[in-house]
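This report refers to the structure that appears directly beneath it.
Here, each number is a calculation from the coordinates, and none is a lab measurement. Note that the coordinates shown come from a computational prediction; the quantities given were computed from them, not determined experimentally. Every residue, glycine as well, gets a Cβ built from its backbone with ideal geometry; the counts of neighbours run over all protein chains shown.
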Amino acid sequence: MTLAHGILERLKEHLALPWPDNVSPRERVVMVVYPPSDERKLRRLIESGEFSREIATTGHGWVEHDLAPEFSRWLVS
């Protein structure tokens, strides 16, 4: 199992836990932080659709917000 697949499996384990009652639906956000060396592997999982298919098995949706280009946009401005 690659590290990227390991990240996906840990995320699925986390999503299997119940949300606390005092957390509103709008606050139910999970951010995936990973080592830079796994960037391409994780992007392949996302681009192939495997990531979202696996997340769907947990009963949760998946919305990607890629913040990678934001630093360069900020720097240029």
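Listed by first and then second residue, the pairs linking a residue in the stretch 52-74 that is without any contact (Cβ under 8 Å) to a residue 24 or more places away in the chain and closer than 16 Å to GLU9 by Cα to a residue that is of a type in the set (Ser, Thr, Tyr) and part of a helix (DSSP H, G or I), with Cβ atoms under 7 Å apart and 6 or more places separating them unless they lie on different chains, are TRP62/SER52. The helices (runs of 4 or more DSSP H) falling completely within the chain that include 1 or more residues that are surrounded by 12 or more Cβ atoms within 10 Å (Cβ to Cβ) and within 12 Å of the chain's Cα centre (by Cα) map to 3-15, 39-48, 50-56.
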